[in-house]
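Enquirer: The structure's right below; bear with me while I get my questions together.
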Amino acid sequence: MPKRLFAKARRLVASKSAGVVLLAGFAAGFIALSLFGTSMIYTGTEQFCAQNCHEMANNNTKEYKDTIHDKNRTGVRATCADCHVPHAPVPLYIAKFGALNDLWSHHVTHAVDTPEKFDAQRGHMAERIWTYMKGNDSRECRSCHNEAKMDPEKQSDMAKARHTKAKKEKLTCVDCHYGIAHKVPDGPGPQELEVDKAFISRSAIF
Ligand code: HEC
Ligand code: HEC
Ligand code: HEC
C-alpha cells in the first residue's frame, strides 16, 4: 500500500500538475498553521480564560478583580495567562495540551461546577500551581518582575529586608507572595511544600 501510494505521488509530481500539488500543499500547511496559531492566541486571552469558562468566572475571576495585577495606578496589568501560561514555545504547548484536562472536568466529570465543589478542590489545585511555580523559580512572575532591576532603595523597609532574606535562603517569589490573585485555601502554604527545584528549569525553552 505505501509503495503504491509512493509511486502514485511520484507520477503526480512528475506530471504537469506537480506545481499545483505543491501549491495546494503550501496552502493546506498555511491554513493549518494559521488555525493553530489563532487557537493558541485565543485560548490565552483574558476573555477566554476569565469569562468563557464558568468555573473561572464564578470563582478565580471574581477574586482577581481589583487586585494589584488587575487595577493599579498605571494600568499595566497581569492577566490570567501572564501568570499561568509559560511564554517559551514548548512549555506553552505542553501547558495548552494539559489544559484539555479542564475541558474533560467541565464536560464529563463536573468536578468543580459549583463554588462549594470548587472550594473543596482549591487546596489541591493551589498546591499543584505552587509546586509548578517553585519548581521553575516563579518563571512566569519573572517574565515581568526582573529581580536584578528591583531597586531596594525604592522598596518599603519590610520588602527590602525580606528580599535580602529571600536571596540568602534561596526562596522564590511565590514562597511569600501567594494568594495575591485568589483566595488562600486552608492547609499548607508554598513554603511547606518540598519541591525539587531542578524539576523545571527556569530558562527552559523546550
Ligand atoms: C504581566 C506582568 C506581570 C506578571 C506576570 C506578574 N506581575 Fe506582579 N506586578 C506587575 C505590575 C505591573 C505590578 C505593579 C502594579 C502597580 O503598582 O502599578 C505588579 C505588582 C506586584 C507586587 C506588588 C504588590 C503591591 O501591593 O504593591 C507583587 C508582590 C507582585 N507583583 C508579585 C508577583 C508574583 C508573585 C507574580 C507571579 C505569580 C507576578 N507578580 C506576576 C506585573 C506582573
Ligand atoms: C521571603 C519572602 C519574600 C520573597 C521570597 C519575595 N518577596 Fe517580595 N515582598 C516580601 C514582603 C514581606 C514585601 C513587603 C510587603 C508589604 O510591605 O506589604 C514584599 C514586597 C514586594 C513588592 C512590592 C515592593 C514595595 O516596596 O512596595 C514587589 C513588587 C515584590 N515583593 C516582588 C517580589 C518578586 C518578583 C519576588 C521574586 C523574585 C519576591 N518579591 C520575593 C516578601 C518576599
Ligand atoms: C499575579 C499572578 C496571577 C494572576 C494574574 C492570576 N493568577 Fe491564578 N493563581 C496564581 C497563583 C500564585 C496561584 C496559586 C494559589 C494562590 O497562591 O492563590 C493561582 C491559582 C489559580 C487556580 C487554582 C485554584 C486556586 O484558587 O488556588 C486557578 C483555577 C487560577 N489561579 C485561575 C486564574 C484565572 C482564571 C485568572 C484570571 C482571572 C488568574 N488565575 C489570574 C497567580 C495568578
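Enquirer: At a threshold of 8 angstrom on Cα-Cα distance, excluding pairs fewer than six apart, so keeping six or more, what relative contact order does the chain reach in percent?
Expert: Here the relative contact order equals 23 percent.
Enquirer: Rounded to the nearest 0.05, what FRET efficiency is calculated for ARG142 and ALA57 with R0 set to 25 Å and r the Cβ-Cβ distance?
Expert: E between ARG142 and ALA57, to the nearest 0.05, is 0.35.
Enquirer: Near ARG10, within a Cβ-to-Cβ distance under 13 Å, what is the net charge of the other residues, with Lys and Arg +1 and Asp and Glu -1?
Expert: So the surrounding residues net to +4.
Enquirer: Quick one: divide the alpha-carbon radius of gyration of the chain by 2.2 N^0.38 Å and tell me what you get.
Expert: Expressed relative to 2.2 N^0.38 Å, the Cα Rg reads 1.38.
Enquirer: Right, here's the next one. Give the residue list of GluC sites (Glu not before Pro) in the stretch 1-81 that are DSSP loop and have at most 15 other beta-carbon atoms within 10 angstrom.
Expert: Passing sites in the stretch 1-81 do not exist.
Enquirer: Another question, then. On a full-extension model of 0.36 nm per residue, what is the gain between LEU103 and ARG77, subtracting their alpha-carbon distance, rounded to one decimal in nm?
Expert: Gain on stretching LEU103 to ARG77: 6.7 nm.
Enquirer: Using 24 Å as the Cα-Cα cut-off, could you pick out the over-long pairs in LYS71/LYS96; LYS71/LYS149; LYS96/LYS149; LYS154/LYS183; LYS134/LYS160; LYS96/LYS165?
Expert: Those over the limit are LYS71/LYS96; LYS96/LYS149; LYS154/LYS183; LYS96/LYS165.
Enquirer: Could I ask something else about it? Select from the chain the helices, each a whole stretch of DSSP H, whose alpha-carbon atoms run 15 Å or more along the helix axis and whose Kyte-Doolittle mean is at least 1.6; answer none if there are none.
Expert: Answer set is 18-42.
Enquirer: In nm², what is the average projected area of the convex hull enclosing the Cα atoms of the stretch 90-196?
Expert: Quarter of the Cα hull surface area: 8.5 nm².
Enquirer: Next question, about the same structure. Evaluated at 4 °C with a viscosity of 1.567 mPa s, what Stokes-Einstein diffusion coefficient in µm²/s does the stretch 88-143 have when Rh comes from the Kirkwood expression over alpha-carbon pairs?
Expert: Estimated via Stokes-Einstein, D reaches 101 µm²/s.
Enquirer: Ranking ARG73, ARG122 by Cβ neighbours within 10 Å, fewest first, what do you get? Present the calculation step by step, with values, prior to reporting the outcome.
Expert: Details: ARG73 6, ARG122 19.
Ascending number of Cβ neighbours within 10 Å: ARG73, ARG122.
Enquirer: Related question: Would you compute, from DSSP H runs of 4+ residues alone, the mean residue ellipticity of the chain at 222 nm, taking -39500 (n - 2.57) per run and dividing by the full residue count, rounded to the nearest 500? Kindly include the intermediate steps, with their values, before the conclusion.
Expert: Values: 11 runs with 109 residues, N = 206.
Value at 222 nm, helices only, nearest 500: -15500 deg cm²/dmol.
Every number here is computed from the coordinates shown, using simple stated rules; none is lab data. For clarity, every value in this text was computed on a predicted model and none was experimentally measured. For neighbour counting, all protein chains shown are included, and Cβ atoms are generated from backbone atoms with ideal geometry for every residue, glycine included.
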